[in-house]
Amino acid sequence: METLLEVRNLNKFFKVAAGELRALDNVSFKINKGETLGIVGESGCGKSTLGRVILRLHEPTSGRVLFDGMDITSFSPEEMRQMRRHMQIVFQDPYASLNPRMTISQSIEEPLRVFFPQMREADRRKRIAELMELVGLSARTYNAYPHEFDGGRRQRVAIARTLAVNPKFVVCDEPVSSLDVSVQAQILNLMVELRKRMNLTYIFISHDLSVVKHISDYVGVMYLGRMVEFAPKSEIFKNPLHPYTRALLSAIPSTEANGRERLILEGEITSPINPKPGCRFAPRCPYAREICAEKNIPLLEHSPSHQLACVRSDETIGAPFAYNAPA
Ligand SMILES: Nc1ncnc2c1ncn2[C@@H]1O[C@H](COP(=O)(O)OP(=O)(O)O)[C@@H](O)[C@H]1O
Ligand SMILES: [Mg+2]
């Protein structure tokens with residue numbers, strides 16, 4: 001398997017009035033060509049920041065992003081502009097990401113004009129028609145405006161725009177989260193199919209593990225800026241090791257975890273501003289011991305393909321899911 005993307009010790013700290021907000025804290029992983037990495041975690045854990053820093057829509061505070069063997073963190077703005085053709089993003093809200101004054105075809109045409117200025121008018125029209133067909137939009141809607149479309153079809157337009165330039169890699173940042181449940185599956189299926197047809201590599205971000213389950217090869221679980229578990233999808237769903245992952249899983253209806261007791265998460269997600277040492281999840285973890293709050297718990301290899309940031313797993317794995325009763 002060939003690696004397409006690697007991030008090494010990626011940090012993104014925001015300066016805020018109360019101090020330093022650690023949106024991404026020493027995150028490292030690799031993604032193979034043609035595979036999908038699902039990123040899950042609660043709102044505010046740094047998923048979007050991760051996607052943006054990888055594309056350098058935000059500059060990293062430190063760390064490296066290697067794409068196709070190139071260190072793109074050292075690229076000049078012009079080199080990065082060229083690189084964006086290969087690295088695209090689909091956002092959550094197709095209402096906000098489309099220009100309401102442009103027709104569907106104009107929206108899809110825009111990236112073609114930007115990246116292929118030499119392309120002839122007739123070829124562009126042909127390409128737009130191809131792309132519309134690819135994402136399941138009727139040719140009759142060529143001159144329609146976004147407001148005439150529902151959320152699902154707007155997201156199809158946004159996907160066509162993204163794919164217009166033949167990228168290799170796409171960050172999908174909660175692309176179905178704002179859609180009606182009835183159309184979520186259609187868009188997910190479309191994205192799975194397009195990945196195969198166009199040999200794409202995805203980072204697929206969602207706060208919802210059941211969505212990630214559908215599309216991912218690997219899953220990374222984030223908690224307050226840190227990666228706490230990283231493994232092949234089957235491992236995450238059959239053999240979740242981090243108490244946080246197990247809590248997320250037990251909240252999904254009709255998963256294996258459902259038959260067991262539910263792990264209810266109590267307490268607020270703590271602040272990523274000026275974090276204390278120790279495991280960020282410790283304040284909410286039913287298995288936490290003194291050691292968890294004392295030192296940083298790095299993401300380490302638990303078995304050859306399974307990485308974990310928890311020192312309590314050996315004792316908790318066999319244990320049933322338990323309620324988070326105060327100790
Ligand atoms: N531009 C910014 N300035 C300051 N803080 C930010 C900025 N962008 C994101 N954050 C903070 O970084 C953390 C992670 O945000 P985000 O990556 O959007 O999380 P997610 O996508 O997982 O919901 C949050 O605490 C958020 O408030
Ligand atoms: Mg987000």
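Consider L137 carefully, then state whether it is in a loop (DSSP other than H, G, I, E, B), crowded, with 20+ Cβ neighbours inside 10 Å and at pLDDT 95 or above. Before the answer, list the steps.
Values: in a loop (DSSP other than H, G, I, E, B): yes; crowded, with 20+ Cβ neighbours inside 10 Å: yes; at pLDDT 95 or above: yes.
For L137, the condition - in a loop (DSSP other than H, G, I, E, B), crowded, with 20+ Cβ neighbours inside 10 Å and at pLDDT 95 or above - is met.
Residue check, L112 against (1) modelled with pLDDT of 95 or more; (2) more than 20 Å from N199 (Cα to Cα), all met but one. Which one?
(2)
Here is a check on your reading of the model: is A185 within 18 Å of the chain's Cα centre (by Cα) and more than 23 Å from I31 (Cβ to Cβ)? Working first, answer last.
On the way: within 18 Å of the chain's Cα centre (by Cα): yes; more than 23 Å from I31 (Cβ to Cβ): yes.
Taking the combined requirement at face value, the residue satisfies it.
For S107, only one of the following conditions fails: (1) among the small types (G, A, S); (2) closer than 27 Å to H207 by Cα; (3) touching a Lys or Arg at 6+ places or on another chain (Cβ under 8 Å). What is its number?
(2)
Can you give me the number of residues within region 29-55 that are more than 23 Å from S177 (Cα to Cα) and surrounded by fewer than 16 Cβ atoms within 10 Å (Cβ to Cβ)?
2
Is it fair to say D208 is farther than 24 Å from R56 by Cβ, within 16 Å of ligand 2 (Cβ to nearest atom) and either charged (D, E, K, R) or surrounded by fewer than 17 Cβ atoms within 10 Å (Cβ to Cβ) (or both)? Even if it seems obvious, please write down each step before you answer.
Details: farther than 24 Å from R56 by Cβ: yes; within 16 Å of ligand 2 (Cβ to nearest atom): yes; either charged (D, E, K, R) or surrounded by fewer than 17 Cβ atoms within 10 Å (Cβ to Cβ) (or both): yes.
When the stated conditions are applied, D208 passes them.
Just checking, how many residues over region 152-203 are away from ligand 2 (no atom under 16 Å from the Cβ), in contact with a Gly (Cβ under 7 Å, 6 or more places away or on another chain) and of a type outside the set (K, R)?
7
Within region 166-189, identify whether any single residue is in contact with a Lys or Arg (Cβ under 6 Å, 6 or more places away or on another chain), of a type outside the set (V, I, T) and not in a loop (DSSP other than H, G, I, E, B), and answer yes or no.
no
In region 211-230, which residues are aliphatic (A, V, I, L, M) and surrounded by 24 or more Cβ atoms within 10 Å (Cβ to Cβ)? Break it down into steps so the answer makes sense when it comes.
Going residue by residue through region 211-230, those that are aliphatic (A, V, I, L, M) are 211-212, 215, 219, 221-222, 224, 227-228.
Listed by number, the residues that qualify are V212, V219, V221, M222, M227, V228.
Mind checking which residues of region 69-79 are touching a strand residue (DSSP E or B) at 6+ places or on another chain (Cβ under 9 Å) and either crowded, with 16+ Cβ neighbours inside 10 Å or among the hydroxyl-bearing types (S, T, Y) (or both)?
Correct list: I72, T73, S74.
The values are calculated or read from the model by the stated rules, or taken from the named source; none is laboratory data. Please read all numbers here as calculations on a predicted model, not as lab measurements. Neighbour counts run over all protein chains shown; Cβ positions are idealised from the backbone, glycine included.
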